[in-house]
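Right, one structure below, let's go through it.
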Amino acid sequence: MNAPEAPRVVLGIETSCDETAAAVVVREGPARGRILSNIVRSQIDEHSPYGGVVPEIAARAHVECLDALVEAALEQAGVGLRDLSGIAATAGPGLNGGLVVGLVTGKALAMAAGRPFLAINHLEAHALTVGLTDGIAPPYLMLLVSGGHTQTLVVEDVGRYTRIGTTVDDAIGEAFDKTAKLLGLGYPGGPEVERRARDGDPARFPLPRPMLGRAEPHFSLAGLKTAVRQRAEAVGTLTDRDVADLCAAFEAAVCDIVIDRVARAMDLAEGAFPPNTPRCLTVAGGVAANKRISGALSALVDKRGYRLAVPPSSLCTDNGAMIAWAGAERLARGLVDGLDFAAKPRWPLDPNAPAAIGAGVKA
């Protein structure tokens, strides 16, 4: 009989975009862990006047508060540096300035404590979060929907990912934010579009569903975003009713696109699962919090015989707990990194995935 694994306590640092976060997680075994602390400082107030994230402002904000957040996370968890099994920090993808802040801090702490350092792919952290929250171990299908990424992937194991579909232009979260800005709504745009859509008529403004029914599994949002702008310009001065109806029409179109593209990914992923293996769809990224999209996904998985696993909203957006958990999973497999590990602003989970025809750098 195998001896039980020793618990691994890992500090996670996240500074890839506009949240500064630090957390401590304990891994007690495969797909079994607990969050001891998880502290996030949002930068919404700093970026709202500009309608989007300003990289230089983001990096400076990380510098100003990261040390205090790490100290608070350790104190809340009731551990010191010497109690940690390892220290993990996001190394990419993301904004280079912010990544450097977190990496330098994580490396310095690892050196001071004499503990292993773990450079974490932000997307891998999203992909593995359901192990922490739902006890789900690979393999499973994942939908990643955030401000910067839209992909479907098969999560085969820690460090092994096969990308199925990607966006050829805008990410879904980016399309939500740009639509909100076009309609004069606040930042971040996704929650505001969802709120306005609740009172709107999705049938009033006909909008396209790019890629719907196509054999290739990819996403495209730029044409939909352009169509919203054209409908808004045709109206002229927008009333609250116009804005609500446009938001509802946009959200309905995105929902149809997501369901169609995920269904296609399910078809293509079927051969990746061993016979009689339970099928699971996991969803990660800030857009996972959208109630209309999550409701439609629930209906899809019921129809296709899958289980749906969506982490709590606080763990779908950027946070330190997912970085710590990914670090603990990698540490358990001996996948540690050197202190010379450099930031990777672009870092695909599946570097061997073929480029989608017409895709830009966000693929």
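The values are calculated or read from the model by the stated rules, or taken from the named source; none is laboratory data. A quick note: this is a predicted structure, and the numbers were derived from the prediction, not measured. We place every Cβ from the backbone using ideal geometry, glycine too, and count neighbours over all the protein chains shown. Side chains are part of the model used for accessible areas, which takes the heavy atoms of the whole protein and leaves out ligands, DNA and RNA. Shrake-Rupley method; radii C 1.70, N 1.55, O 1.52, S 1.80 Å.
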Given a 1.4 Å probe and every protein chain left where it sits, what share in percent of the accessible area of the chain is carbon and sulfur? 53
Among 263, 193, 6, flag the residue with its Cα farthest along the positive direction of the charge dipole of the chain, charges on Cβ as +1 for Lys/Arg and -1 for Asp/Glu. 263
Ignoring ligands and nucleic acids, what accessible area does residue 122 show with a 1.4 Å probe (Å², nearest 10)? 20
How high is the FRET efficiency between residue 198 and residue 308 when r is their beta carbon distance and R₀ equals 30 Å, given to the nearest 0.05? 0.85
Given a Förster distance of 45 angstrom, what is the FRET efficiency for residue 233 paired with residue 346, based on the Cβ-Cβ distance and rounded to 0.05? 0.85
Qualifying lysines (Cα of each under 20 Å from Cα of residue 181; at least 8 residues distant if same chain): 225
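Looking at segment 110-175, which GluC sites (Glu not before Pro) are DSSP coil and have at most 12 other C-beta atoms within 10 Å of their C-beta?
Working: sites: 124, 156, 174; in loops: none.
Qualifying residues, ordered by number: none.
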Per-residue accessible area, 1.4 Å probe, largest first, puts 50, 187, 306 in the order 50, 187, 306
Stokes-Einstein at 20 °C, 1.002 mPa s, Kirkwood radius from Cα pairs: D for segment 1-137 in µm² s⁻¹? 139
Length released on extending from residue 71 to residue 214, taking residue separation times 0.36 nm less the Cα-Cα span: 46.5 nm
Computed for segment 72-226: size of charge dipole around the Cα centre, +1 on C-beta of each Lys and Arg, -1 on C-beta of each Asp and Glu, debye to nearest 20, value 220
Give me the lysines in straight-line cross-link reach of residue 344: C-alpha distance below 20 Å, same-chain residues under 8 apart excluded. 107, 362
For segment 38-46, 3J(HN,Hα) per residue [Karplus equation, 6.51 cos²θ - 1.76 cosθ + 1.60, θ = phi - 60°, Hz, x = Gly/Pro]: 7, 10, 10, 10, 7, 10, 3, 4, 5
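Could you calculate the FRET efficiency of residue 157 with residue 267 from 1/(1 + (r/R0)^6), where r is the beta carbon distance between them and R0 is 25 Å, rounded to 0.05?
Approximately 0.65, to the nearest 0.05.
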Rounded, prolate or oblate for segment 79-128? Axes are the square roots of the Cα gyration tensor eigenvalues, ordered a ≥ b ≥ c, and the cut-off for rounded is a/c under 1.5. oblate
What nm value, rounded to one decimal, do you get for the distance between residue 6 and residue 259 when each label is placed 7 Å out toward the C-beta? 5.1
Specify whether the C-alpha gyration tensor of segment 114-159 places it in the rounded, prolate or oblate class, a ≥ b ≥ c being the square roots of the eigenvalues: rounded for a/c under 1.5, otherwise prolate if a/b is larger than b/c and oblate if not. oblate
Taking the chain and counting helices only, DSSP H stretches of n ≥ 4 at -39,500 (n - 2.57) each over all residues, the nearest-500 ellipticity at 222 nm comes to -13500 deg cm²/dmol
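Full extension from residue 34 to residue 335: what is 0.36 nm times the residue separation minus their Cα-Cα distance, to one decimal in nm?
Details: separation 301, 0.36 × 301 = 108.36 nm, distance 2.07 nm.
My answer for the length gained is 106.3 nm.
Rounded, prolate or oblate: which fits segment 196-239 when a ≥ b ≥ c are the square roots of the eigenvalues of the alpha-carbon gyration tensor, with rounded for a/c under 1.5 and prolate only if a/b beats b/c?
Working: a/c = 2.98, a/b = 1.90, b/c = 1.57.
Cα axes put segment 196-239 in the prolate bin.
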